[in-house]
Amino acid sequence: MMTIDTPVIGIDLGTTHCCVGTLEGDNVHIIENLHGERTTPSYIAFTDNKEIIGKNAKERVSRNPTNVIYDSKRLIGRLFNDEYIQHNLPSWFFKITEGEENMPVIQVTRNDETLTYKPYKISAKLLTYMKKIAEQKLGQKINSAVITVPAYFNYNQRIATKKAAKLAKLHVIKIMNEPTAAALAYVHKNDINTCKNVLVFDLGGGTFDVSVVNVVDKDITVKATSGNTFLGGRDFDNNLCYFIAKKLQKTYNVNVEEIPTSIRRLNARCEKIKITLSFEEEVPLDLHNLLNNGQDVDMVITKKEFEAINEHLFKLCLTTVENCLKQAEISKEDVEKVLLVGGSTRIPRLREMLTEYFNDSERICQGINPDEAVAYGAAIEASTYKKDKNAITHRINEVTPLSLGIDVMGNVMSFVIKRNTPIPVSVTKTYITVSDRQREMTLNVYEGERALVKYNTKIGTCIINLPPRPPGYPVTVHFEIDANGILDVGTSTETGLYSKLSIEYDKHIGKAPDDALQDAIENKENDQKENEVITNWIRLKEYCINLRSLFTYKCDDFDDEEKDILEKKIDSVSIWVYNHKVDKGTKEEGEAILSKLEEVESVCDPILNKHGYNIANLCISELYKIYKLLPNCAIAQ
């Protein structure tokens with residue numbers, strides 16, 4: 001492991017707040033910002049002559065909404081047409097537009113000039129600020145940091161975070177998952193040596209993670225992780241704001257959603273109402289001239305109302321917990337501790353639901369300040385990279401949050417590395433060509449849990465040049481994930497050709513459901529039906545491939561009349577297959593494919609059986625082994 005002479009910090013780059021810490025001796029110090037606060041709001045206000053970060057920026061939202069940027073973490077590594085971005089566009093007061101390669105870009109105005117920023121550049125400014133306050137506290141230059149991300153961040157989002165750190169002139173020694181950092185903080189602060197099955201429930205301002213970890217001799221092993229990168233306190237605030245707006249319209253016949261200044265003030269107030277309702281039964285809506293007509297508003301918001309409008313999100317949190325336990329292959333009775341992390345875990349209703357679910361209030365614990373736990377753990381992890389013989393030592397064994405694979409014939413997802421596989425990990429699989437004398441193979445790499453790639457996220461493409469060979473030529477594909485969750489993909493052939501995938505995250509296409517496991521569970525039945533139709537389409541296509549290659553390389557076995565029948569049928573059916581790729585897997589599509597398969601088999605099988613060939617029982621790779629023995633397969637390079 002690399003060691004570093006200069007101070008190393010741990011940064012929690014949160015959706016709504018950032019926090020930075022460092023380990024001095026055996027104690028973690030959470031570093032206060034310039035206002036003396038231990039967490040910094042993740043807000044940046046752009047004025048004509050400067051940029052303001054933190055509390056002062058947040059206070060400018062109602063006065064200068066289009067120039068105050070927040071929630072950049074919800075945008076980072078995503079595409080503009082992402083369904084979650086499109087759904088939440090109305091809730092952001094600043095302008096987000098579509099940039100190059102379908103990337104979201106944030107617009108601000110400075111000195112009458114419109115400036116655009118990619119989300120990771122906003123995150124870079126936040127990282128720069130956190131680095132600055134740490135340098136002022138420690139009195140030394142800082143070049144390296146451990147930066148935390150949601151466990152459920154996908155490949156694109158992790159790469160984007162590293163790019164942000166590079167802009168901030170920070171070397172990322174580790175991208176650390178937030179629940180794991182919190183677990184490490186809990187172990188360190190409470191001197192925990194061994195604890196079986198700790199469930200980390202990490203609900204912050206903008207993201208939600210659940211992880212099951214084991215602690216043995218202070219070493220942490222992650223067994224499973226699940227989550228949602230678009231679920232957090234911000235969503236509770238937005239729901240409350242919408243509810244109050246409708247309540248005002250019903251009571252006073254004024255739609256505050258049509259009064260920009262009023263809806264912004266209300267939105268800001270909702271966060272404070274939510275916090276107050278954690279220890280009060282009701283809160284007055286005390287906003288002067290909210291209706292913009294001089295009329296006073298006499299209204300209170302109750303805890304019961306807040307809980308009712310967000311009940312569906314609270315239940316979604318429990319569903320994620322259930323999914324994580326299922327992935328870890330344990331029951332809720334096997335969980336020893338439920339560690340609450342993130343400011344949103346202060347909501348009483350959530351705690352009640354967790355207590356009811358686990359049927360034991362004593363297992364529900366905080367153990368450490370929920371706002372600081374992640375930065376605390378990151379600081380401990382950062383200390384292990386310092387050149388210090390007294391540094392804390394421990395091992396952390398992470399898992400991959402999403403499955404990875406490539407698309408194969410029929411646009412089916414061939415899984416190479418399954419979700420919750422311990423990392424670092426290296427896996428090799430062999431695939432084959434399907435066309436005669438195929439000169440290259442394009443491997444599209446996907447992330448997700450659905451059986452078909454169109455429902456998963458494309459994260460890159462690897463192309464390898466091939467020697468001209470019959471169908472079935474083998475290509476070895478190598479997937480490797482490092483300790484930061486960063487993926488490398490390589491391909492090689494038996495002739496020594498090699499290609500390596502270098503992914504530029506901002507070139508990707510595809511869509512990214514946030515809880516991919518839940519998405520797969522909910523669509524399992526539909527996927528199975530669609531997959532049955534695709535399986536028959538693949539059977540038909542393989543029949544055509546095998547028939548054509550057999551006709552090409554063993555044509556002397558057939559007389560002229562047989563050649564004419566086979567060639568005409570190959571051509572007509574191949575064209576049909578090309579023009580009838582499976583769209584939605586309907587019953588009609590399935591029947592048409594089976595009809596075409598019966599048609600080609602009824603014509604071709606009698607001829608093939610006459611000469612001892614059973615195409616239906618021969619796979620492409622087996623035919624390739626036969627062709628390799630033929631003289632006409634020794635095709636020049």
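The values are calculated or read from the model by the stated rules, or taken from the named source; none is laboratory data. Treat the numbers as computed from the prediction; the structure is a model and nothing was measured. Neighbour counts are summed over all protein chains in view; Cβ atoms, including those assigned to glycine, are modelled from backbone coordinates with ideal geometry.
Here are a few things to note about the model shown:
- Within the option set Ser62, Ser42, Ser72, being out of contact with any Asp or Glu (no Cβ under 6 Å at 6 or more places or on another chain), closer than 25 Å to Pro260 by Cβ and modelled with pLDDT of 95 or more holds for one residue only, Ser42.
- Index of the failed condition, Gly10 passing every other in (1) in contact with an Asp or Glu (Cβ under 7 Å, 6 or more places away or on another chain); (2) in a helix (DSSP H, G or I); (3) buried (at least 23 other Cβ atoms within 10 Å of the Cβ): (2)
- Looking only at segment 474-493, and only at residues there that are part of a strand (DSSP E or B) and of a type in the set (S, T, N, Q), the one that is surrounded by the fewest Cβ atoms within 10 Å (Cβ to Cβ): Thr476
- Inspection of segment 274-286 finds a residue satisfying the criterion of being within 21 Å of Arg74 (Cβ to Cβ) and of a type outside the set (Ser, Thr, Tyr).
- Within segment 30-46, tally of residues that are touching a helix residue (DSSP H, G or I) at 6+ places or on another chain (Cβ under 7 Å), touching a residue at least 60 places away in the same chain (Cβ under 8 Å) and in a loop (DSSP other than H, G, I, E, B): 4
- Residue list for segment 163-219, restricted to those being within 28 Å of Arg78 (Cα to Cα) and of a type in the set (Ser, Thr, Tyr): Thr180, Thr207, Ser211
- Verdict on Val215 being surrounded by 24 or more Cβ atoms within 10 Å (Cβ to Cβ) and not in a helix (DSSP H, G or I): no
- Failed item, numbered, when Ala520 is tested on (1) aliphatic (A, V, I, L, M); (2) surrounded by fewer than 19 Cβ atoms within 10 Å (Cβ to Cβ); (3) touching a helix residue (DSSP H, G or I) at 6+ places or on another chain (Cβ under 9 Å); (4) modelled with pLDDT of 70 or more: (2)
- Restricting segment 369-399 to residues that are in contact with a His (Cβ under 9 Å, 6 or more places away or on another chain) and either at pLDDT 85 or above or surrounded by 19 or more Cβ atoms within 10 Å (Cβ to Cβ) (or both) leaves a set whose member that is farthest from Val20 (Cα to Cα) is Thr384.
- Of Ala165, Ala134, Ala151, all but one fail to be within 19 Å of Gly377 (Cα to Cα), more than 25 Å from the chain's Cα centre (by Cα) and not charged (D, E, K, R); the exception is Ala134.
- Cross-chain or 6+ apart pairs with Cβ under 6 Å, segment 241-261 first and free of Cβ contacts under 8 Å to residues at least 12 places away in the same chain, then outside any helix (DSSP H, G or I): Gln249/Asn255
- Residue within segment 425-439 that is under 29 Å from Asp202 (Cα atoms) and either assigned to a loop (DSSP other than H, G, I, E, B) or not assigned by TED's automatic domain parsing to the domain that holds Pro474 (or both) present: no
- Of everything in segment 105-126 that is crowded, with 21+ Cβ neighbours inside 10 Å and touching a Ser or Thr at 6+ places or on another chain (Cβ under 8 Å), the residue that is nearest to Ser42 (Cα to Cα) is Leu126.
- Inclusion of Ile106 among residues that are closer than 24 Å to Val374 by Cβ, in the same structural domain as Glu32 (by TED's automatic domain parsing) and among the β-branched types (Val, Ile, Thr) is not warranted.
- Any hit, segment 385-407, residues being in contact with an Asp or Glu (Cβ under 9 Å, 6 or more places away or on another chain), in contact (Cβ under 8 Å) with a residue 24 or more places away in the chain, among the hydroxyl-bearing types (Ser, Thr, Tyr) and assigned to a loop (DSSP other than H, G, I, E, B): yes
- Sole exception among (1) closer than 19 Å to Thr207 by Cα; (2) out of contact with any Pro (no Cβ under 7 Å at 6 or more places or on another chain); (3) surrounded by 18 or more Cβ atoms within 10 Å (Cβ to Cβ) for Gly342, by number: (2)
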